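Chemist: Sharing a structure below in structure tokens format, with a few things to ask.
Derivation of every value follows stated rules applied to the coordinates shown; laboratory data play no part. Since this is a predicted model, take the numbers as computed values, not measurements. Reconstructed Cβ throughout: ideal geometry from the backbone, glycine too, with neighbour counts over all protein chains shown.
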Amino acid sequence: MVNGARTIGFVGLGHMGGPMAANLAKAGHRVLGYDLLPELLDAAAGSGVEAAGSAAEAAAAADVVITMLPAGRHVLSLYGQEGVLAAARPGTLFIDCSTIDVTDARGAHQAAIAAGMRALDAPVSGGVVGAEAGSLTFMAGGGHAEFAEAEPLLSVMGDKAVHCGGPGAGQAAKICNNMILGISMIAVSEAFVLGESLGLSHQALYDVASTASGQCWALSVNCPVPGPVPDSPANRAYRPGFAAPLMAKDLGLAANALHAGGIDAPLGLKAAELYAAYAQGAGAERDFSGIVDTIRQRPTTRDQGNGADPT
Ligand code: NAD
């Protein structure tokens, strides 16, 4: 083991957790991994992760427990019913890297602290490519001491970690950022479809907007039409990238938080609605920028009868 090596319980070895755990093991930490799917445990073993018999067993031996699970209910169930908090040594640091509801994240913090543990929420951006390359961005919520202790581990799995505030602040930053992204991708897509109808080429609109006030990541990096940005998913039949169902999930979490806060944010709520429909249909396996096709295919207001000649 290298200097400063920790024993880490890592629960959830899926698309993201698998490579994150592997990078920690590669950096010389002892990683005790657990997932409900045995084949993922076998795969992790090939990257130096030791297979634990259960999440509680991994937690019992760990200094730090990292979770990378689908949703808040999985994290809360693991901490509670599945006995992970009860099994851990007092003072163990629990870092949840899953993307979950802000309310659930705060509940997870409370449960950990009530059990004599310490907690940090630290969701990520960067996707599977970032998880494999160790270049994720972490958005963390919790105390300064907890963030300072987590930082050396986060820096193995990522390039950047921002301490955003107290419990739940990491999740809050993640959903606010992705609400901007979801809305701006729809805005950019609608502008391209409008441009098409006005006879404007994709390249001309790109050349103007990408150097003018319309500039944003959705346009200049993840451009939703093929051509102007050769690396964008539009040039590979919308293979993700950032899959539409993940955008739909994050916007759903943002919508929950908007409702809980009584905030009137029609664009955020509309983006959540449009991405939920896209992810359940044509976008199920596509990058989120593919939503441009659904905008192009929507019936026009003329088709719907608005302004149509009644004769
Ligand atoms: P995934 O479904 O591939 O992995 C989740 C894993 O958790 C699965 O292997 C599942 O078997 C395991 N699991 C569920 N309940 C468990 C339990 N009680 N005990 C042990 N294991 C359990 O999902 P993913 O793509 O790795 O995403 C994980 C989290 O990261 C999600 O919250 C997601 O929103 C977030 N995220 C994903 C991406 C991405 O590009 N995939 C990007 C950013 C954030």
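Chemist: Report, in debye and to the nearest 20, how large the dipole of the chain comes out about its Cα centre when Lys and Arg carry +1 and Asp and Glu carry -1 on their Cβ. Spell out each step's value before the answer.
Modeler: Values: 17 positive and 28 negative charges, 35 e Å.
That gives a dipole near 160 debye.
Chemist: Taking N as the number of residues in the chain, what is its alpha-carbon radius of gyration divided by 2.2 N^0.38 Å?
Modeler: 1.11
Chemist: Can you order the peptides 146-157, 190-201 by their average number of other Cβ atoms within 10 Å per residue, highest first?
Modeler: 146-157, 190-201
Chemist: Could you name the aspartates and glutamates in cross-link range of K249, using Cα to Cα under 16 Å and dropping any fewer than eight places away on the same chain?
Modeler: Those aspartates and glutamates meeting the cut-off are D101, D104, E273, E285, D287.
Chemist: Given the rule -39500 (n - 2.57) for each run of at least 4 DSSP H residues, summed and divided by the residues of the chain, what is its mean residue ellipticity at 222 nm, to the nearest 500 deg cm²/dmol?
Modeler: Rounded to the nearest 500, it is -14500 deg cm²/dmol.
Chemist: So for the chain, taking the charge dipole from beta-carbon charges (+1 Lys/Arg, -1 Asp/Glu), which of V292, V64, L78 sits furthest toward the positive end?
Modeler: Selected residue: V64.
Chemist: What is the fewest-to-most order of H29, H15 by other Cβ atoms lying within 10 Å of their Cβ?
Modeler: H15, H29
Chemist: Treat the count of other C-beta atoms within 10 Å as a stand-in for reagent exposure and order K249, K174, K160 from fewest to most.
Modeler: Ascending Cβ contact count within 10 Å gives the list K160, K249, K174.
Chemist: Taking Rh as the Kirkwood radius computed over C-alpha pairs, what is the Stokes-Einstein D of the stretch 172-297 at 4 °C in a medium of viscosity 1.567 mPa s, expressed in µm² per second? If you can, show how the numbers build up before the last one.
Modeler: Numbers: Rh = 14.6 Å.
Answer from the Stokes-Einstein relation: 89 µm²/s.
Chemist: Based on the mean of other Cβ atoms within 10 Å per residue, sort peptides 235-242, 281-288, 293-300, 35-42 so the most packed one is first. Don't skip to the end; give the middle numbers.
Modeler: Numbers: 235-242: 16.8, 281-288: 19.0, 293-300: 12.9, 35-42: 14.4.
Highest to lowest by the protection proxy: 281-288, 235-242, 35-42, 293-300.
Chemist: Here is a follow-up. Label the stretch 1-159 by shape, choosing from rounded, prolate and oblate, from the square roots a ≥ b ≥ c of the eigenvalues of the Cα gyration tensor; if a/c is under 1.5 it is rounded, and otherwise prolate applies when a/b is larger than b/c, oblate when it is not.
Modeler: Rounded, because the longest to shortest axis ratio a/c is under 1.5.
Chemist: Where the only charges are on Cβ atoms (+1 Lys, Arg; -1 Asp, Glu), what is the dipole of the stretch 1-90 about its Cα centre, to the nearest 20 debye?
Modeler: For this selection, approximately 280 debye.
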